[in-house]
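See structure below.
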Amino acid sequence: HSCILRSSARPRAAPSSVMAPKRKADAAPPAAKKPKTNPNFAGVREALELAELPENCRRMLIACIDPVLGVPSDERHPLQNSILGMIGECIEEVRAKHQQAVDAECAKIQELEGAQSDLDAKVSAAEVVLNEATVEVKENTAKLAEATLAVSKAQDGVREKERAQQEGDKELNDATAKLSELQKAIAEHFTPLADGEDGAGESHYLALEPLLKDVGIDLSLMSALPSLSSKLSAQRTSFDAMAIEHLGKSLSDKASALQAILVNGALSAQTRAEEVDAAKVALETASALRTSCADRLSASKASEQQANATLKSAKAACAARGPELERATRAKQEKTAALEEFMGYSIACFELLRDARREARASEAETTSAAAGAGA
């Protein structure tokens with residue numbers, strides 16, 4: 001086995017092969033040479049410096065490195081082996097702490113990766129919710145547009161029915177007014193004119209004259225009425241009586257016709273009123289539906305905003321985990337490198353010294369001397 005050294009460790013100087021000259025009697029004694037130290041002791045010493053020990057115990061174990069590990073394994077006595085065990089336990093505790101640090105970072109990374117998976121799932125779920133909310137907003141927007149169009153059509157329907165009602169009712173109202181006027185004229189003017197007793201026939205005729213255009217009297221009789229209206233009943237001829245009778249029948253027929261219009265028009269008026277009411281009910285229904293659609297659209301927009309905020313929050317939390325995971329990964333790499341360096345240097349140095357036998361030590365010394373001589 002070769003010695004395991006840090007890059008900064010220097011190889012031991014090879015012993016000189018030239019014999020030292022004999023010392024003269026008056027020459028000063030040469031300076032004592034510094035004993036050579038096994039470079040692998042540095043790795044063990046470094047491990048003990050890292051161990052959690054009382055300082056006096058640490059100094060004692062460091063002082064025992066050379067007396068214990070500097071002795072081949074096949075020449076150590078029980079006390080040296082006991083101290084060797086203590087050093088080994090300290091080194092193992094340091095290795096275990098390095099391993100614990102690596103395991104802690106691995107657990108942290110696993111926890112962060114699990115949390116990252118949860119956050120990714122939350123982002124995906126939030127995206128689904130946002131997409132659904134967006135679709136719902138589009139659907140409710142279309143429904144509101146349809147409902148608004150339906151309200152506009154219903155408003156047109158109400159206006160159309162009201163216009164039809166006004167036009168139909170105008171004819172009925174005109175007929176009512178004409179009938180009332182005609183009935184009043186018959187009672188107040190035709191009846192006295194027909195009786196021919198009050199001597200006011202000419203004034204009665206003049207009151208009836210505006211109504212005669214719509215009554216449909218024969219033109220020949222129409223021309224005879226002014227003259228006969230001034231006659232008393234006893235002065236009238238048979239032609240005059242026939243003319244008065246025809247006038248009365250014409251007025252009565254006109255009243256009957258107007259009455260028929262009122263009777264028939266009442267049903268039509270009721271139908272028109274019912275159509276107006278139905279159109280108004282349809283407008284109220286359409287308006288209520290539009291209000292409901294507007295409320296649903298408002299609610300869906302609020303849901304979309306909330307879903308968008310949730311997605312942004314989830315993405316922010318997910319992004320925040322990235323640097324934390326990177327830091328934990330770097331920390332694991334650093335602590336793994338520290339563990340590997342400790343095992344590759346300090347533990348390797350300890351194991352080489354612990355297991356070395358006399359033959360191996362001699363070979364090691366020769367290799368070290370040869371390397372030093374080559375360097376010189």
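The values are calculated or read from the model by the stated rules, or taken from the named source; none is laboratory data. Just so we're clear, the structure is a prediction, and the values are computed from it rather than from any experiment. Here Cβ is always computed from backbone atoms with ideal geometry, including for glycine, and neighbour counts include all displayed protein chains. Areas reflect the complete protein model, heavy atoms only, side chains present, ligands, DNA and RNA absent. Shrake-Rupley method; radii C 1.70, N 1.55, O 1.52, S 1.80 Å.
Annotations
- Any hit, region 131-141, residues being open to solvent by 90 Å² or more (accessible area, probe 1.4 Å), charged (D, E, K, R) and at pLDDT below 90: no
- Out of ALA294, ALA288, ALA299, ALA317, sole residue that is under 22 Å from the mean Cα position of the chain (by Cα), free of Cβ contacts under 8 Å to residues at least 24 places away in the same chain and either in a helix (DSSP H, G or I) or more than 30 Å from VAL158 (Cβ to Cβ) (or both): ALA299
- Some residue of region 235-253 being in contact with a helix residue (DSSP H, G or I) (Cβ under 7 Å, 6 or more places away or on another chain) and within 16 Å of ALA177 (Cα to Cα): yes
- Answer residue from region 203-222, given it is open to solvent by 60 Å² or more (accessible area, probe 1.4 Å) and in a helix (DSSP H, G or I) and is farthest from ALA175 (Cα to Cα) among those: SER220
- Qualifying residues in region 168-192 (those that are among the polar types (S, T, N, Q) and more than 30 Å from LEU232 (Cα to Cα)) - the one most open to solvent (accessible area, probe 1.4 Å): ASN173
- Test result for ALA115, touching a residue at least 12 places away in the same chain (Cβ under 8 Å) and more than 30 Å from SER287 (Cα to Cα): yes
- Flag if GLN110 is exposed (fewer than 14 other Cβ atoms within 10 Å of the Cβ) and either of a type outside the set (Lys, Arg) or free of Cβ contacts under 8 Å to residues at least 60 places away in the same chain (or both): yes
- Of all the residues in region 77-107, those that are acidic (Asp, Glu), closer than 19 Å to LEU53 by Cβ and free of Cβ contacts under 8 Å to residues at least 40 places away in the same chain number 2.
- A single entry from GLY199, GLY216 fulfils the requirement of being touching a helix residue (DSSP H, G or I) at 6+ places or on another chain (Cβ under 7 Å), within 30 Å of LEU232 (Cβ to Cβ) and without any contact (Cβ under 8 Å) to a residue 40 or more places away in the chain: GLY216.
- Meets criteria (touching a Gly at 6+ places or on another chain (Cβ under 9 Å), open to solvent by less than 70 Å² (accessible area, probe 1.4 Å) and within 30 Å of GLU162 (Cβ to Cβ)) for LEU258: no
Each row is one residue, and each column tells you yes or no for (1) at pLDDT 80 or above; (2) in contact with a Lys or Arg (Cβ under 8 Å, 6 or more places away or on another chain); (3) among the basic types (Lys, Arg); (4) farther than 14 Å from GLY196 by Cβ.
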{"site": "SER229", "(1), (2), (3), (4)": "no, no, no, no"}
{"site": "ALA234", "(1), (2), (3), (4)": "yes, no, no, no"}
{"site": "GLU245", "(1), (2), (3), (4)": "yes, no, no, no"}
{"site": "SER250", "(1), (2), (3), (4)": "yes, no, no, yes"}
{"site": "GLN259", "(1), (2), (3), (4)": "yes, no, no, yes"}
{"site": "VAL263", "(1), (2), (3), (4)": "yes, no, no, yes"}
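- Applying the set (1) open to solvent by 50 Å² or more (accessible area, probe 1.4 Å); (2) among the polar types (S, T, N, Q); (3) over 22 Å from the mean Cα position of the chain (by Cα) to GLN165 leaves exactly one unmet item: (1).
- Residue within region 223-241 that is in a loop (DSSP other than H, G, I, E, B) and either aromatic (Phe, Trp, Tyr) or touching a His at 6+ places or on another chain (Cβ under 8 Å) (or both) present: yes
- Search result, residues across region 246-277 that are over 30 Å from ASP218 (Cβ atoms) and without any contact (Cβ under 8 Å) to a residue 60 or more places away in the chain: LEU267, GLN270, THR271, GLU274, ASP277
- Region 67-87, subset modelled with pLDDT under 95 and touching a Phe, Trp or Tyr at 6+ places or on another chain (Cβ under 8 Å), residue nearest to GLN333 (Cα to Cα): LEU69
- Out of GLU92, GLU105, sole residue that is of a type in the set (Asp, Glu), open to solvent by less than 30 Å² (accessible area, probe 1.4 Å) and in a helix (DSSP H, G or I): GLU105
- Test: residue in region 61-77 that is over 21 Å from SER346 (Cβ atoms), among the β-branched types (Val, Ile, Thr) and part of a helix (DSSP H, G or I): no
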